1. Return the equivalent ellipsoid semi-axes of region 44-123 as a descending list in whole Å, where each equals the square root of 5 times an eigenvalue of the C-alpha gyration tensor.
2. Loop only per DSSP, at most 12 neighbouring Cβ atoms within 10 Å: give me the trypsin sites (Lys or Arg not before Pro) in region 73-129, ordered by residue number.
Amino acid sequence: IGASLTLLPRLQRDNDRPKRRHQQEHAGNFDGPQMIDEQRLAQLAAHDGALTPWVTLLESARIQVEEVLGELHRYARTREESEERLPQVEEEMQAWHGCARRLKVRPEDLPGLYADTRQALEALATLPSLEAL
């Protein structure tokens with residue numbers, strides 16, 4: 001019995017070794033081998049109808065995980081793009097504020113001032129030219 005007890009931890013350690021290696025190799029990698037072989041499970045469900053709801057549930061869960069991963073990848077790309085664009089947006093904001101300071105108006109009043117100036121310019125364009133007078 002004593003010899004058996006000393007072998008037990010070693011057997012358990014040897015038994016866990018492939019599982020740990022698989023977890024280390026595929027940590028955070030959803031493209032690696034799947035933990036559940038869907039084909040094998042579908043084959044078993046063909047022999048035991050009680051497994052069919054589980055196969056359906058796993059297929060649905062796999063599809064949802066793939067959709068979530070796609071959304072997360074899209075979010076990460078837009079996040080990166082917006083971070084790359086941040087200096088350009090800051091530069092544009094500084095230009096707007098500089099223009100507002102020169103014109104002695106608030107930055108939020110610039111679009112209205114632009115529209116008013118544009119209308120005044122169009123009204124001047126409709127006047128007869130000085131040469132025609």
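Just so it is clear, none of the values below were taken in a lab; they were calculated from the coordinates. Everything numeric here is computed off the predicted structure, so don't read it as measured data. Methodologically, a virtual Cβ is constructed for each residue, glycine included, from the backbone with ideal geometry; neighbour enumeration extends over all protein chains shown.
1. 60, 16, 8
2. 104
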